[in-house]
Structures are given as C-alpha cells and as structure tokens.
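J.: A single structure is presented below for examination.
The values are calculated or read from the model by the stated rules, or taken from the named source; none is laboratory data. All values reported here derive from a predicted model rather than from experimental measurement. Don't worry about glycine lacking a Cβ; one is built from the backbone with ideal geometry, like all the others, and counts go over all protein chains shown.
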Amino acid sequence: MSPHHRRTIVVVGHGMVSHRFVQAAVERGLTETHDIVVVGEEPRAAYDRVALTSFFEVGAEALSLLPDGAYDDPRVRLVLGVPVEAFDPETRSVLLADGEVITYDELVLATGAAPFVPPIPGHDLEGCFVYRTIEDLEAIRAAAGTATVGAVIGGGLLGLEAANALSQLGLETHVVEMAPRLMAVQVDDAGGATLTRHVERLGLSVHTGAMTERVLGEHRVTGLALKDAPAIAAEIVVFSAGIRPRDALARAAGLATAERGGVLVDERCRSSDPHVWAIGECAAPGGRMYGLVAPGYSMAEVVADALLGGPGTFTGADMSTKLKLMGVDVASFGDAFATTDGALELVYSDAVAGVYKKLVVSGDGTRLLGGVLVGDATAYGVLRPMVASGIPLPDNPEDLILPAGRGVPETSLPAEAQVCSCNDVTRAQIEAAVAEDGTCDGPACVTRCTRAGSTCGSCKPLVKRIVEDFYATQGRTVDRSICEHFPLTRQELFDVVAVHELRSFDQVVAAHGTGRGCEICKPAIASILASQLNGHVLEGQTRTLQDTNDAYLANIQRNGTYSVVPRIPGGEITPERLIVIGEVARDFELYTKITGGQRIDLLGARMEQLPAIWRRLVDAGFESGHAYGKSLRTVKSCVGSTWCRYGVQDSVQLAIDLELRYRGLRSPHKLKGGVSGCARECAEARGKDFGVIATERGWNLYVGGNGGATPAHAQLLAGDLDRETLLRYLDRYLMYYIRTADRLQRTAPWIDSLEGGLDRVREVVVDDALGLGSELEAAMARHVDTYFDEWQATLEDPDKLARFVSFVNAPGTPDPHITFRTERGQIAPAEPTGPVSLGSTIPVGAP
Amino acid sequence: MIAVCRLDQIEVEGGVAALVDGAAVAIFRTHDGNVYAMSNYDPCAQASVLARGIVGTRGDVPYVASPMHKQAFDLRTGQCLDDAAIRVPTYDVRVDDGLVLVGARQESP
Ligand code: SRM
Ligand SMILES: Cc1cc2nc3c(=O)[nH]c(=O)nc-3n(C[C@H](O)[C@H](O)[C@H](O)COP(=O)(O)OP(=O)(O)OC[C@H]3O[C@@H](n4cnc5c(N)ncnc54)[C@H](O)[C@@H]3O)c2cc1C
Ligand code: SF4
Ligand code: FES
C-alpha cells in the first residue's frame, strides 16, 4: 500500500483488550500505513480491570495501563469519555455521542461486557451496585461510608472479589449464591467446601443454594428476601451474577450475533461484515464468548496480524484460572470436573491447613487432564502447561500435589509448552531470552522482555524455575551462595545469625562457613551484625570486616584520600552551620561540592586528618552522614507547605523526622528517601527507595525507586496515610528488605525478585499476611533506640582513633604519594606517578 | 631489618602501613598467626592503599583485596590473583619478641 494513502482503523472501547490491540498495532508497524482512532466511553484510559479490587488500596493511577494518558505514537488518537452511539457498515462511519462522525476502513469492536443484573423486584433501588468499573467502586466506597452491612448476589469469581472489597471497606458481608457451592464454574463440591471455610474464617457469611426473590426497601435497599430462608438485612447490594457481552452496536447495525450474545466472528475475529472485527469479551468466536483477559489478548493479536496480512487465527482458549481471593489461592484448569471418559481423580486434602488439591488423570494414568487447587496453588504454574502439552505424567503423580519442597514440583515441559497463558509465551521463548546470545539476565528481565508473568502473575514461579534449570544445564551458576566461604544466601545468613544469636564473624564461620572469608562475605556479615546489634562498626573484630569506607567512616577517593559528608537532615541547614562547614573546609584545605543528595561533600582529607576534621564538626553539632555506609543516605525534601504556595503538608519536617529515624540503619545496599509537599514532586521522591508525597488527606507512600544505571520509578504501596501508619509501614518495609534482600540489591530489583513483586510487599507490609508486622516494627524500634553517632563515639575511643594514622611507625608523616594540583580555585588529585619514596629512613619511634 | 611496630598493633586479619627506607610497606597479620609484608602501592588503582584492604582466603591462599577496586593479591608472593601479569613486591618480615621487623624488598618470589 502506498504510504501516501493512509487508512483509518477505528477501535470502539478502550479497555484491556483494545489497549493490547493498539500496542500490537504500534509494535508490529500497522501504524506505518494506518491511523488509529480509539473511542472509549469511560472517562480514563484503559486500566487493569483484572486488578480492579486493588483500586481501594492503590488508587486509579496505579491501575492505569497507559499512565501518560496517550500513546507515544502520534498516529494513534485517543478519544475518552465519549461513547460510540452507532456505526453504519454502508458508509463505513461511526457516530460519537458528541456528534463527531469518523469514517473507517476497518472497525474493531472492543466494547467488553456488562454485568448481568437479574430483573428481580427492587434491583434498581438506591444502594444497588455492580462491580465492573472504577466509577462503580467509587460509588460503592461512598455508600459504604454510612452503611454497616452489605450483600453480594453471586458467589462466583467476581462475586467473591466484590465481597472481599465490601468486607475490606468495613462492612459485615454476606455472599448469596444460587448454586450449592462457591465458584461453581471452576471448582468441585469438595473444593467449594474448602473455599467456604476460608471465606467464613475471614468473617463473611456464605449462603449457598440460596435464591434471591427480591431486594427489599422503599427507595433505599434494606435487605434481601431469600426463597425458603430468612431474609438478610443489608444497606448495600452488589450484583455479580454473570456478564453479558456488549453487542448492542453490532446488533443495531445488523451484524450477526451469537445465540447467547456476543458479536459472532470467525477464526480471524472477523464479523459478518468483512470490515468489522470484534475482540475481547464482546466477541463470540465460533459462537462462544470468553470472560477472561487472556483469550481477549490473543484475539487482539490475531486481528492486528490479519490487518497486516498475516495468517493468525483464534481457535479457542484455555479457560484455566488461578486467582487469589482474600488471600486464598484458587485454581482450576483443564477438565476440572473429570468429564472425560474413564478419567480418574487423585485428591489431597488437609482440612486443618485448608488445602484441597485434585488432579484429574486419564483412565490409563498416563496423562494429566485437569485439576482444582484451593488453599495452595503453587503447583498451578507447572500443572496447567502439562495439561496443555500432554506430556506423560511422572511415575508418582501424587508428588505433584503433595506439599512441595521447592515451591514448584520437578517436571520437564516440552519446549513448545505454553508457560504464560496470558501472553502466550512458551518455554522455548523463555530459554531463548536467557540463552548466551539472548537479551535477558534473569527471570525479572524475562518478564519485562517477553511479558511472561506480567499479567496475572501466576506463571512467575515457573518462569523463574525454567530460567534456573536452564542455567543449570548450561553450567551457568544458579548457585545462590554468597561466596566460596558460605553455602548460604544473604537472607539465609541473616536468618542463621538471628536465630542462633551469633555475635561475631568467627562464630558465623565456625557454625556455617569455611576458610577466613573474603571481601564479599565479610562486609555482608558486618552489615547483618550491624542491622541486628547496632554496635559500633569499628568495635573489636568487626573492624576488619568492613569495606574501606566503613573502616574509616569516610569514602575513599582515587588518590587514597577520603571525603567527609556531615548529615544535613532533609537538606535544611542554618547559616551558622553552613559557616562551620566552610571554615572546616578552608582550614583543612578541602575541596567542597554540593552533592546530589542535598548536602555538602568535603573531599581530599588524608586519613590522619579525619579525626581532627570530625572533632570540629561534632563540636558544632554535626554527625556522620553515612555517605560511606550501605545504610540510609539522605531523605531529600522540597520546601513544602511552610513556604511553597502549592504545598499541602510540611514535607521538610517529615523528611527530617524520617532521616533521623532511619539514620545509621545498616542495610543490603544504600537507602534513599524523599518527601514532596505536593504532587508536583519537586523532591523526586519517586526516584527513591522510599518516597512520600503529600496529599490533602495525608501521605502517599511509594517504594522501590532507583536512580543509577537502571532507573525505576517507585510504585504506590499505600495512599492517604496518617503519620503514624506511614511510619509503621515504612518500618516494616525497610526491615523486610533488610531481612530478605540479597547483598548489594537495591529495593527495586529486590521487589522484582519477590514472588508476587509489589503485591507481596503489600501483603507483608500493609496486610501483615505473614504476621511479621510487630516483629519488624520491634526490630526497627531497637534500631531507633540504640542509635548513636559513630563519629562521635570514635572520637571518644583511643583504640579506634589509633587506626587513623598514615604510618604506624611515623604517625605524623603525610603519605608522600598524595599530592594535589589546583583546579577552578580548589584542590584536585594530582596525576599518579607510581610509588613515591621519601628517600630516607624514617627513625622508628619506641614501639 | 628494622622494627616498625608491636605485633599487637596489627589487628588479626588487618593491616598497617609503615615507612621503610622511605617506601610505604603494608604489613598484614593473618588468622593463623602469620605476618606478611608487601608494597602498599596498588598498581591497578595507582594509589598507596593496600594496607586498608580486607584480608581473607581463596582456597588455601591468604590474600588482601585492594580497598579501591578489589583486586586480590597473594600475601605470600604479592601475585595478583586476578591478573597473572601483575605482582606487588614483597618484603622480608619477621616477628621477634613481640616486635614486627621489616627487611629488604624481595626482588622475585
Ligand atoms: C557525592 C555524590 C555525587 C555528587 O557530587 O553529587 C555521589 C558520589 C558517589 N556515589 Fe552516588 N553520589 C551522589 C548522589 C547519587 C545519586 C543522586 C541522589 O541520591 O539523589 C544517585 C542516584 C540515585 C540512587 O542512588 O538511586 C547516585 C547513584 C550512585 C550509584 C548507583 C546506585 C544504583 O543503585 O545503581 C553508585 C554505585 C553504588 O552505590 O554501588 C554510587 C556511588 C557513589 C560513590 C559512593 C562511589 C564510591 O563508592 O566511591 C561516590 C562517592 C562519594 C564520595 O566520596 O563522597 N552513586 N548517587 C552524591 C552524594 C549524595 C549524598 O549527599 O550522599
Ligand atoms: C473485578 C474483576 C476481576 C476480574 N478478574 C479477572 C481475572 O482474574 N482473570 C481474567 O482473565 N479476567 C478477569 N476479569 C475479566 C477481565 O477484566 C475482562 O476479561 C477484560 O477486561 C476484558 O477486556 P475487554 O477489553 O474485552 O473489555 P473491557 O476491559 O470491559 O473494555 C471495554 C471498554 O469498552 C467500553 N465501551 C463499551 N461500549 C462502548 C461504546 N459504545 N463506545 C465507547 N466505549 C465503549 C467500556 O466502557 C470499556 O471501557 C475480571 C473482571 C473484573 C470486573
Ligand atoms: S513538591 Fe509541591 S510543595 Fe514541594 S516545592 Fe514542589 S510544588 Fe512546592
Ligand atoms: S499466565 Fe498470567 S501472566 Fe503468565
């Protein structure tokens, strides 16, 4: 096609599938020849509907699939907040509600589905809701403010999500399900019973086999009348009784629709009109609609492919599901109900732990056909692809569901087995990504590059396992030992030190190591001991464990001199203190520079000068800034509400408080924080390991930001926190990081490396899912209570000071190797010239 | 040989720098009680810093890691363990009556 004759694709709806279609179109070059106009009825760009429930915690912004609100490609136009009213296949044009008419060459319908509200009396009373959009959730939250009891009609997957949300909003919650069990489509009776126990344990009331006859109330809802059962009082009712494809536009235009709803399309997702396509929940390929996002994504790819002249087809989808409902894993895959002739069931059930697992295997016991997992679905990642690829079952299939050791059971999948069903990624593709000539350096990178694991996340453990196993076959190290001296990871070392109350390197080697350590394990153990004991880093035997920066409480420079960085909490400093720093720099002839961390660096100090310099600084009220330590550096602040006309909270005060709270905290890598007084974010808090941004109602807490070589924006952990909750979450987050991160792993890659990523952090920090909260807070309280300034303590201890000499036998003689030149009016290291000799023997003082 | 310090002035698995005939010499004491001396000058970083490195073992080899960029040097021979072409000169060293004595520079291992 001539590039001068551009064609137009109009996409109706901007939901998850529409967004994927546009992404695919841009990535595959369709926009080289086509303009794309996307018209969406919702007031915002596509967002992660699958994660809708987390809206209450993280807000709308975090759910967005297009945070900038527009596509980078200028050939994609996005119209939001305007529904399409109709389209006309004759003139090939669509009519928008605001009167605009757009002509198309190709039309893609991606209008999704709408919740089904059964037409029972009272279904439209005030207080009745559905659960599909962010606006629905906002309305539910507003209503929940004055209500005490809520009921959800429908005990399926979405109904349970809605019930969870009501209960988290503080309502006493009922679930009313017509079928005899919860999640009737996905799980069997025994699985449903296990699920009911979990849900009831969380304080919800479950009514199965219960038919709602009417919604009670005059104008407002007051309750539900059930058939053959007592009525339930409730002020909020959420309908979650299934969904219906939104095929009205297509019907009105005279297109064929499926018997049970949905735009009828062929294997290429083309409707009965050759220029109209339908994808996602509004489409019914071969007459069947799919209420999951993965098949929708496949359809989006198929249509992008078709418009490029490719051969792709959609031939049905794996309807397997795995989800976490109220902290309970539920998964269902393949022939979950053993409908195949002769199929056998293999069941493992532990009522106390609330775990139910069932495998469905072929009559001859050779193949896995499907299964149900409730309470523990770790095996899902490997079981689902086993069904899809039809590989023979291992000799002891029960091992696949018995409580597992390594998280994911041992098995070997064929190369073409689909590992990530959401994004259609095979084992071979994952291995290619991490192969010697591949692009990825580990599981987290594979998720970024291939998208495997980026949607529902259920395949992440398997992705990780495939990468590790692949490395093993390549002879590449998957050995996570910290070094040759300890067969343990940093986290394991941390735990053994804590559990056995080890107090010194010698004790740790004696218990778990060999040899005498190295520059890797020694500083790591020093850091672990420091986090747990908060002793002086130069105390006794720990001195020799420290990296040179910690060993001299200063940063070594290229010529062997050191820098001095006093702490300036939050970047706030009085003129008097500024003058002191100036005087010290002048008197010791140091180079001065304002750092990127809102403080001042004094460089070029000889080791033997450090105590005298710090004497002056400590006397003036300064303390160590720990620029040398793997520990808290700075908490950057903006001026905030005190001065700034936009500020809504006192960001300086909070930054100072946080810096003083966490100063001196030894951690796997350095830690930086930031506090901004409003959303303009002048403190760049989202570039920090922890960032706090003021809101009208409190503080938003972001975690996992990083500058450096691999920048990352911090992600919202929790919003609108009061000060006390903020401190509690921060205490937990930092201590959880200190306990579990690898050595020299900043918070961003640490969060990536956790199974579940940010969600995991939220579970531990916000939901306290591990019940570790108070322990982590206590550990932080210990740190805060025992903090002391290590430079001041050093100045008071002759033994420690004795180390700060140039030569043991000539303590006053400056190292002749260190010389300076002048640059821009200040000193700078002179070019190195090789070993320098003083040319004479220095007399030895009395030893 | 000249006396540069008392043995107890060197921490176990630590080092000190001393001036010997005008040259900076790093003297180390290992966990098994041995004392080693080599030039304090790190040829990789071109700075006089080796005495401030971390002392450890690789297999059976006692070594110091430069505090600058972590290259490892065999305490017994001065051989760089990461680059066969680099070696740091070593010095005769002996402990006598609690005093550490440093002697001539050894030209080859
Ligand atoms: C002085 C300063 C540059 C300046 O003149 O502004 C600086 C200097 C050094 N940085 Fe930095 N960084 C300085 C701000 C930053 C910033 C900006 C910030 O903090 O807002 C960043 C990016 C933000 C971040 O860390 O996420 C930064 C990212 C790094 C990195 C990369 C870390 C990473 O995660 O990839 C390193 C390397 C490392 O730590 O392993 C590093 C390491 C270093 C070291 C410590 C290298 C070393 O080991 O000798 C430098 C020595 C400082 C010294 O001797 O005083 N510096 N460095 C800044 C000191 C801030 C302070 O007051 O403490
Ligand atoms: C709470 C919840 C949890 C879920 N959990 C899961 C899960 O765990 N796993 C899973 O696979 N799926 C899950 N789903 C289903 C999943 O969200 C859908 O399958 C997916 O969003 C379908 O994408 P879609 O683009 O087809 O539809 P949608 O995302 O609904 O997008 C359709 C868009 O089109 C717009 N639109 C409709 N008509 C018009 C018009 N005339 N003009 C303009 N715009 C229009 C709509 O407003 C909407 O924004 C969940 C859904 C919900 C509600
Ligand atoms: S972040 Fe907001 S309050 Fe802070 S300086 Fe910038 S505009 Fe002002
Ligand atoms: S299976 Fe959902 S992200 Fe991979």
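J.: Check off (1) hydrophobic (A, V, I, L, M, F, W, C); (2) within 14 Å of another protein chain (Cβ to nearest Cβ); (3) under 34 Å from the mean Cα position of the chain (by Cα) for A:Val565 and give me the number that stays unchecked.
T.: Single failed check for A:Val565: (2).
J.: Could you list all residues from segment B:1-44 that are charged (D, E, K, R), part of a strand (DSSP E or B) and farther than 30 Å from A:Glu831 by Cβ? Even if it seems obvious, please write down each step before you answer.
T.: Taking segment B:1-44 and keeping what is charged (D, E, K, R), we get B:6, B:8, B:11, B:13, B:21, B:29, B:32, B:42.
Next, only the ones that are part of a strand (DSSP E or B) stay: B:6, B:29, B:42.
Once the filter is applied, which keeps residues that are charged (D, E, K, R), part of a strand (DSSP E or B) and farther than 30 Å from A:Glu831 by Cβ, segment B:1-44 yields B:Arg6, B:Arg29.
J.: Another question, then. Kindly indicate whether A:Asp506 is within 11 Å of chain B (Cβ to nearest Cβ), part of a helix (DSSP H, G or I) and free of Cβ contacts under 8 Å to residues at least 60 places away in the same chain.
T.: Judged against the criteria, A:Asp506 is a match.
J.: From the list A:Thr710, A:Thr695, A:Thr634, exactly one residue is over 28 Å from A:Gln745 (Cα atoms) and more than 9 Å from ligand 3 (Cβ to nearest atom). Which is it?
T.: Answer to the selection: A:Thr695.
J.: Same structure again: Would you kindly identify the helices (runs of 4 or more DSSP H) lying entirely within segment A:733-847 that contain at least 2 residues that are at pLDDT below 95 and within 14 Å of another protein chain (Cβ to nearest Cβ)? Steps first, answer last, please.
T.: Values: elements: A:747-753, A:757-765, A:773-786, A:790-795, A:798-801.
Because the criterion is at least 2 residues that are at pLDDT below 95 and within 14 Å of another protein chain (Cβ to nearest Cβ), the helices (runs of 4 or more DSSP H) in segment A:733-847 that meet it are A:798-801.
J.: Right, next: Within segment A:291-304, how many residues turn out to be touching a helix residue (DSSP H, G or I) at 6+ places or on another chain (Cβ under 7 Å) and either in a loop (DSSP other than H, G, I, E, B) or under 21 Å from A:Lys460 (Cα atoms) (or both)?
T.: 4
J.: Additional query: Residues to consider are A:Leu617, A:Leu590, A:Leu654, A:Leu610; find the one that is out of contact with any Phe, Trp or Tyr (no Cβ under 8 Å at 6 or more places or on another chain), touching a residue at least 60 places away in the same chain (Cβ under 8 Å) and more than 16 Å from ligand 2 (Cβ to nearest atom). Before you say what the answer is, go through the steps one by one.
T.: Details: A:Leu617 fails: out of contact with any Phe, Trp or Tyr (no Cβ under 8 Å at 6 or more places or on another chain); A:Leu654 fails: out of contact with any Phe, Trp or Tyr (no Cβ under 8 Å at 6 or more places or on another chain); A:Leu610 fails: out of contact with any Phe, Trp or Tyr (no Cβ under 8 Å at 6 or more places or on another chain).
The unique qualifying residue is A:Leu590.
J.: Out of A:Leu701, A:Leu721, A:Leu716, which single residue is in the same structural domain as A:Glu777 (by TED's automatic domain parsing), touching a residue at least 60 places away in the same chain (Cβ under 8 Å), more than 16 Å from ligand 4 (Cβ to nearest atom) and closer than 30 Å to A:Tyr646 by Cα? If you could, list the steps in order and put the result at the bottom.
T.: Values: A:Leu701 fails: touching a residue at least 60 places away in the same chain (Cβ under 8 Å); A:Leu721 fails: touching a residue at least 60 places away in the same chain (Cβ under 8 Å).
Within the list A:Leu701, A:Leu721, A:Leu716, the selection yields A:Leu716.
J.: Does segment A:632-651 hold any residues that are crowded, with 24+ Cβ neighbours inside 10 Å and not charged (D, E, K, R), and which are they?
T.: If the condition is that a residue be crowded, with 24+ Cβ neighbours inside 10 Å and not charged (D, E, K, R), then A:Leu632, A:Thr634, A:Val635, A:Ser637, A:Cys638, A:Gly640, A:Ser651 are the ones that fit.
J.: OK, next. Select, from A:Asp376, A:Asp424, A:Asp441, the only residue that is of a type outside the set (Ser, Thr, Tyr) and in the same structural domain as A:Ala343 (by TED's automatic domain parsing).
T.: Numbers: A:Asp424 fails: in the same structural domain as A:Ala343 (by TED's automatic domain parsing); A:Asp441 fails: in the same structural domain as A:Ala343 (by TED's automatic domain parsing).
Of the residues listed, the single one that is of a type outside the set (Ser, Thr, Tyr) and in the same structural domain as A:Ala343 (by TED's automatic domain parsing) is A:Asp376.
J.: Pick out the one residue from A:Leu730, A:Leu758, A:Leu671, A:Leu726 that is within 16 Å of ligand 4 (Cβ to nearest atom) and under 19 Å from the mean Cα position of the chain (by Cα).
T.: Details: A:Leu730 fails: within 16 Å of ligand 4 (Cβ to nearest atom); A:Leu671 fails: within 16 Å of ligand 4 (Cβ to nearest atom); A:Leu726 fails: within 16 Å of ligand 4 (Cβ to nearest atom).
Just a single option satisfies the conditions, and that option is A:Leu758.
J.: More than 16 Å from ligand 4 (Cβ to nearest atom) and either within 20 Å of A:Tyr562 (Cβ to Cβ) or charged (D, E, K, R) (or both): which single residue out of A:Gly629, A:Gly647 fits that description?
T.: Values: A:Gly647 fails: either within 20 Å of A:Tyr562 (Cβ to Cβ) or charged (D, E, K, R) (or both).
A:Gly629 is the lone residue from the list that is more than 16 Å from ligand 4 (Cβ to nearest atom) and either within 20 Å of A:Tyr562 (Cβ to Cβ) or charged (D, E, K, R) (or both).
J.: Given (1) within 27 Å of the chain's Cα centre (by Cα); (2) within 21 Å of A:Ile279 (Cβ to Cβ), where does A:Arg92 come up short, assuming only one miss?
T.: Of the numbered conditions (1) within 27 Å of the chain's Cα centre (by Cα); (2) within 21 Å of A:Ile279 (Cβ to Cβ), the odd one out for A:Arg92 is (1).
J.: A:Glu61 is checked against (1) surrounded by 15 or more Cβ atoms within 10 Å (Cβ to Cβ); (2) in a helix (DSSP H, G or I) and fails just one. What number does that condition carry?
T.: Among (1) surrounded by 15 or more Cβ atoms within 10 Å (Cβ to Cβ); (2) in a helix (DSSP H, G or I), A:Glu61 violates only (1).
J.: Consider A:Ser624 carefully, then state whether it is surrounded by 22 or more Cβ atoms within 10 Å (Cβ to Cβ), more than 16 Å from A:Ile827 (Cα to Cα) and modelled with pLDDT of 95 or more. Full working, then the answer.
T.: Working: surrounded by 22 or more Cβ atoms within 10 Å (Cβ to Cβ): yes; more than 16 Å from A:Ile827 (Cα to Cα): yes; modelled with pLDDT of 95 or more: yes.
Judged against the criteria, A:Ser624 is a match.
J.: A follow-up question, please. Go through segment A:597-647 residue by residue and tally those that are among the acidic types (Asp, Glu) and closer than 27 Å to B:Ala17 by Cα.
T.: Step one: list which residues in segment A:597-647 are among the acidic types (Asp, Glu), which gives A:601, A:608, A:619, A:623.
So of that shortlist, the ones also closer than 27 Å to B:Ala17 by Cα come out as A:601, A:608.
Adding up the residues that qualify gives 2.
J.: Right, here's the next one. Among A:Gly15, A:Gly40, A:Gly81, which is the only one that is surrounded by fewer than 18 Cβ atoms within 10 Å (Cβ to Cβ) and either under 20 Å from A:Thr133 (Cα atoms) or of a type in the set (A, V, I, L, M, F, W, C) (or both)? Show your work before the answer.
T.: Numbers: A:Gly15 fails: surrounded by fewer than 18 Cβ atoms within 10 Å (Cβ to Cβ); A:Gly40 fails: surrounded by fewer than 18 Cβ atoms within 10 Å (Cβ to Cβ).
After applying the criteria, what remains is A:Gly81.
J.: Which of the numbered conditions does A:Leu553 fail, given that it passes all the others? Conditions: (1) closer than 21 Å to B:Tyr63 by Cα; (2) within 14 Å of chain B (Cβ to nearest Cβ).
T.: (1)
J.: Say we look at segment A:214-248 and pick out the residues that are among the aliphatic types (A, V, I, L, M) and in contact with a helix residue (DSSP H, G or I) (Cβ under 9 Å, 6 or more places away or on another chain); which of these is farthest from ligand 1 (Cβ to nearest atom)? Before you say what the answer is, go through the steps one by one.
T.: From segment A:214-248, those among the aliphatic types (A, V, I, L, M) are A:215-216, A:221, A:224-226, A:229, A:231-234, A:236-238, A:241, A:243, A:248; that's our starting set.
Narrowing the set further to residues that are in contact with a helix residue (DSSP H, G or I) (Cβ under 9 Å, 6 or more places away or on another chain) leaves A:236, A:238, A:241, A:243.
Working: A:Ile236: 45, A:Val238: 43, A:Ala241: 49, A:Ile243: 44 Å.
Within segment A:214-248, the match that is farthest from ligand 1 (Cβ to nearest atom) is A:Ala241.
J.: Is there a residue in segment A:329-337 that is surrounded by fewer than 19 Cβ atoms within 10 Å (Cβ to Cβ), away from ligand 3 (no atom under 16 Å from the Cβ) and over 19 Å from A:Lys460 (Cα atoms)?
T.: So far as segment A:329-337 goes, yes, one or more of its residues are surrounded by fewer than 19 Cβ atoms within 10 Å (Cβ to Cβ), away from ligand 3 (no atom under 16 Å from the Cβ) and over 19 Å from A:Lys460 (Cα atoms).
J.: Identify the residue in segment B:18-52 that is in contact with a Cys (Cβ under 9 Å, 6 or more places away or on another chain) and buried (at least 24 other Cβ atoms within 10 Å of the Cβ) and, among all such residues, is nearest to the other protein chains (Cβ to nearest Cβ). Give the steps one after another, and end with the answer.
T.: First pass over segment B:18-52, keeping only residues in contact with a Cys (Cβ under 9 Å, 6 or more places away or on another chain): B:18, B:27, B:43-44.
Right, trim to buried (at least 24 other Cβ atoms within 10 Å of the Cβ) and you get B:18, B:27.
Values: B:Ala18: 5, B:Ile27: 8 Å.
Looking at residues that are in contact with a Cys (Cβ under 9 Å, 6 or more places away or on another chain) and buried (at least 24 other Cβ atoms within 10 Å of the Cβ), I get B:Ala18.
J.: Quick one: how many residues across segment A:64-110 are part of a loop (DSSP other than H, G, I, E, B), charged (D, E, K, R) and under 19 Å from A:Val17 (Cβ atoms)?
T.: Start the filter on segment A:64-110 by keeping residues that are part of a loop (DSSP other than H, G, I, E, B), which leaves A:65-75, A:81-83, A:89-92, A:97-100, A:104-105, A:110.
Next, from what is left, pick out any that are charged (D, E, K, R): A:68, A:72-73, A:75, A:90, A:92, A:98, A:100, A:105.
Then keep just the ones that are under 19 Å from A:Val17 (Cβ atoms); that gives A:73.
Residues flagged as part of a loop (DSSP other than H, G, I, E, B), charged (D, E, K, R) and under 19 Å from A:Val17 (Cβ atoms) within segment A:64-110 amount to 1.
J.: Here is a further query. Please determine whether any residue of segment A:134-143 is crowded, with 17+ Cβ neighbours inside 10 Å, in contact (Cβ under 8 Å) with a residue 60 or more places away in the chain and over 30 Å from A:Leu226 (Cβ atoms).
T.: Kept after step one, since they are crowded, with 17+ Cβ neighbours inside 10 Å, are these residues of segment A:134-143: A:134, A:136-137, A:140, A:143.
Checking which are in contact (Cβ under 8 Å) with a residue 60 or more places away in the chain leaves us with A:134, A:137, A:140, A:143.
Going one step further and asking which of them are over 30 Å from A:Leu226 (Cβ atoms), we end up with A:134.
Yes; the residues of segment A:134-143 include at least one that is crowded, with 17+ Cβ neighbours inside 10 Å, in contact (Cβ under 8 Å) with a residue 60 or more places away in the chain and over 30 Å from A:Leu226 (Cβ atoms).
J.: What number of residues within segment A:321-350 are in contact (Cβ under 8 Å) with a residue 60 or more places away in the chain and farther than 18 Å from A:Met16 by Cβ? Please lay out each step first, then the result.
T.: In the first step, residues of segment A:321-350 are kept if they are in contact (Cβ under 8 Å) with a residue 60 or more places away in the chain; the result is A:321-323, A:325-328, A:330-332, A:336-337, A:347, A:349.
Of the ones still in play, those that are also farther than 18 Å from A:Met16 by Cβ are A:325-328, A:330-332, A:336-337, A:347, A:349.
Looking only at that region, the number is 11.
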